[in-house]
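Enquirer: Before anything else, here's the structure in question.
The values are calculated or read from the model by the stated rules, or taken from the named source; none is laboratory data. The structure presented is a predicted model; accordingly, all values stated were derived computationally and were not measured. For neighbour counting, all protein chains shown are included, and Cβ atoms are generated from backbone atoms with ideal geometry for every residue, glycine included.
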Amino acid sequence: MGVTSVVEQLKAELGSPGLVLSEADEVAAYTSDWTRKFSGVAPAVLRPRDTDEVRRCVLACRKLGLALVPQGGNTGLVGGSVPRAGEVVLSLSRLNKIENFDAASATVQVQAGVVLQALHEDLAGRGCVFPVDLGARGSCQIGGMIATNAGGIKVLRYGHMREQVLSLEVVLADGTVMSNLHGLKKNNTGLDLKHVFIGSEGMLGIITRAVLQARPAPEAVQTALLALDTRDRLPELLTMLRERLRGLSSLEIITQDSIALYKEVEPGTREPFDKAYPACVIVEEETGAGENERDGFLERLSGVIESGLAADAVVAESEAQAQAIWRLRDGVTEAISRAGLTHKFDVTVPPGALPGFLTQMERFGDEAGGLRTLLFGHLGDGNVHVNMMQKPELPEDEFLAKGPALAERIYSLVAELKGSISAEHGIGIAKRAYLHHSRTAEEISLMRGMKRLLDPDNILNPGVLFESA
Ligand SMILES: Cc1cc2nc3c(=O)[nH]c(=O)nc-3n(C[C@H](O)[C@H](O)[C@H](O)COP(=O)(O)OP(=O)(O)OC[C@H]3O[C@@H](n4cnc5c(N)ncnc54)[C@H](O)[C@@H]3O)c2cc1C
């Protein structure tokens, strides 16, 4: 079928104005992703406004033999949100209503296209928080976050998306709408099917609605930046912070090379301390309100410094100062994206292995040649974001060619350490060849079976997780 006839047939099936975008410049915005490493072509973008329109889109594609790529905020980092082989993009952006807040259970029902920041803002007005937070908060959508089981900077205290989802509405590949929306925490009635779709990256069903658990807003949040003059004692630092800071909600690490890049990309950015340290750690603790609480935080941190595990600390005295500390963390991610092409590896290793692992990553980067290794991540979860960035002198094709060997080397080490090759970004198409490093043959076979059961014609995000059905 030619592109024109695909579009005409989709329009004939779907009718409603605005549902089918097909002009090249309109479609282009949906066909390449945030990393600029993944892109493809799509004959059309479908933009349903509600669950029934999603169902009609799925049925139309099915009838015409077209595959679909569900797309939320398109901030995914593993290539699963953009077309690869001429699939139609199904954008959930117009399903963007926060539908109902239930104060008694502190639960909120949302459509899949609600942007994370909009949910944060809505709940703040109700004295609550949604406890998942990440750098892409201004664009990523709840449906995409559920489909990737997103983590972020508060997993340590509140868990991933999986821990926040109480129920789901999903449109299946045959057009069935599976909807059982409720805010029950306790519901042991057979298999809890929502878990099949959480983290399924759009290859088992299209999430259209969810009921999520909100939490009471903390009375106060204390934030500090610690300077480390060695990375060798990270496991001890982690142990001590966990023991002393009972309300620990975030623990992020940024190594010196990443801070240096941020300073290059954002001229005017100052070194956070009077000298450059090998690494900095952001610490956030949720406490009660009042002067004593803050004094307690200062005292707990001074104990960490006295122990020699941290060399220096800056403690935020205001919301603005806390935001400035967090800007360093968000700024590093942005700087990496702006500075050049990057091979990204999002992995977990046991905390005890962290110091050696960080050093190994720098060694692997040096040995590969022409790369700049930038490390940061969610220290509290042992989750390291390994970024190997193209140096200007390395031609793009040579840079790209280094990816597979680097991935094999890094993921083999991760498997040896009993870590995970995907801490929070998923598998997408970027990591499907390496799935066996983190999953057994039996697990992979069952996953394939579930795909065949729920999507026998392979029309939902084909190529994600498995190269072939
Ligand atoms: C600056 C930055 C910081 C980030 N930080 C973090 C972080 O700290 N932690 C983290 O976990 N991730 C992080 N990410 C990755 C990304 O933001 C998350 O994976 C996010 O959950 C993706 O949401 P999205 O709406 O953009 O989904 P998309 O990118 O649009 O899609 C991601 C996947 O989900 C599928 N999908 C999307 N919507 C639906 C739906 N409604 N139903 C079914 N399938 C769907 C897509 O097909 C695709 O496979 C970051 C990304 C950026 C750019």
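Enquirer: Taking the range 436-469, which residues are loosely packed, with under 15 Cβ neighbours inside 10 Å, touching a residue at least 40 places away in the same chain (Cβ under 8 Å) and under 18 Å from Gly65 (Cα atoms)?
Expert: Pro456, Asp457
Enquirer: If I filter the range 55-65 for residues that are away from the ligand (no atom under 11 Å from the Cβ) and assigned to a loop (DSSP other than H, G, I, E, B), do I get at least one hit?
Expert: Looking for residues that are away from the ligand (no atom under 11 Å from the Cβ) and assigned to a loop (DSSP other than H, G, I, E, B), one finds at least one in the range 55-65, hence yes.
Enquirer: Does Ala124 satisfy the condition of being surrounded by fewer than 19 Cβ atoms within 10 Å (Cβ to Cβ) and either in contact (Cβ under 8 Å) with a residue 12 or more places away in the chain or outside the structural domain of Val78 (by TED's automatic domain parsing) (or both)?
Expert: So Ala124 fits the description; yes.
Enquirer: I've got another one for you. Pick from Ile198, Ile146, Ile142: which is closer than 22 Å to Arg215 by Cβ, surrounded by fewer than 24 Cβ atoms within 10 Å (Cβ to Cβ) and modelled with pLDDT of 95 or more?
Expert: Going through Ile198, Ile146, Ile142 in turn, the sole match is Ile198.
Enquirer: Looking only at the range 22-43, count every residue that is touching a helix residue (DSSP H, G or I) at 6+ places or on another chain (Cβ under 6 Å) and either under 30 Å from Asp397 (Cα atoms) or within 16 Å of the ligand (Cβ to nearest atom) (or both) and tell me the total.
Expert: Residues meeting the conditions: 2.
Enquirer: For the range 13-66, which positions are touching a Cys at 6+ places or on another chain (Cβ under 7 Å) and more than 20 Å from Ala112 (Cα to Cα)?
Expert: Across the range 13-66, the qualifying residue is only Leu14.
Enquirer: Please work out which one of (1) within 13 Å of the ligand (Cβ to nearest atom); (2) over 24 Å from the mean Cα position of the chain (by Cα) is the condition Leu191 fails and give its number.
Expert: (1)
Enquirer: If a residue counts only when it is of a type in the set (Ser, Thr, Tyr), which helices (runs of 4 or more DSSP H) contained entirely in the range 317-415 have at least 1 such residues?
Expert: 319-339, 354-368
Enquirer: Looking at (1) touching a residue at least 60 places away in the same chain (Cβ under 8 Å); (2) out of contact with any helix residue (DSSP H, G or I) (no Cβ under 6 Å at 6 or more places or on another chain); (3) charged (D, E, K, R); (4) over 20 Å from Glu319 (Cα atoms), can you tell me which one Glu286 breaks?
Expert: That leaves (4) as the condition not met.
Enquirer: Right, another one. Which is of a type outside the set (Asp, Glu) and either outside any helix (DSSP H, G or I) or not assigned by TED's automatic domain parsing to the domain that holds Val315 (or both), of Lys263, Lys275?
Expert: Among Lys263, Lys275, only Lys275 is of a type outside the set (Asp, Glu) and either outside any helix (DSSP H, G or I) or not assigned by TED's automatic domain parsing to the domain that holds Val315 (or both).
Enquirer: Quick one: what pairs do we get from the range 83-105, first residue surrounded by fewer than 14 Cβ atoms within 10 Å (Cβ to Cβ), second at pLDDT 95 or above and not aliphatic (A, V, I, L, M), C-beta under 6 Å, 6+ apart or different chains?
Expert: Glu99/Gln109; Asn100/Gln109; Asp102/Gly183
Enquirer: Residues that are touching a Lys or Arg at 6+ places or on another chain (Cβ under 7 Å) and buried (at least 20 other Cβ atoms within 10 Å of the Cβ): does the range 44-63 have at least one?
Expert: yes
The rows are residues; the columns are (1) of a type in the set (S, T, N, Q); (2) in the same structural domain as Trp34 (by TED's automatic domain parsing); (3) out of contact with any Gly (no Cβ under 9 Å at 6 or more places or on another chain).
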residue	(1), (2), (3)
Ala106	no, no, no
Gln109	yes, no, no
Ala112	no, no, no
His120	no, no, yes
Cys128	no, no, yes
Ser139	yes, no, no
Ile142	no, no, no
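Enquirer: (1) farther than 26 Å from Glu121 by Cβ; (2) more than 10 Å from the ligand (Cβ to nearest atom); (3) outside any strand (DSSP E or B): which one isn't true of Ile254, the others all being true?
Expert: (3)
Enquirer: Here is a further query. Pairs, please: C-beta under 8 Å, at least 6 apart or cross-chain, first residue modelled with pLDDT under 95 and in the range 321-345, second within 12 Å of the ligand (Cβ to nearest atom) and assigned to a helix (DSSP H, G or I)?
Expert: Within 8 Å, the pairs are Thr342/Ile336.
Enquirer: Restricting the first residue to the range 141-168 and requiring it to be farther than 17 Å from Ser200 by Cα, which pairs with a second residue that is near the ligand (Cβ under 6 Å from one of its atoms) meet a Cβ separation below 6 Å and a spacing of at least six or different chains?
Expert: Within 6 Å, the pairs are Gly152/Leu134.
Enquirer: Taking the range 234-253, which residues are of a type in the set (A, V, I, L, M, F, W, C) and under 13 Å from Gly382 (Cα atoms)?
Expert: Leu234, Leu237, Leu238, Leu251, Ile253
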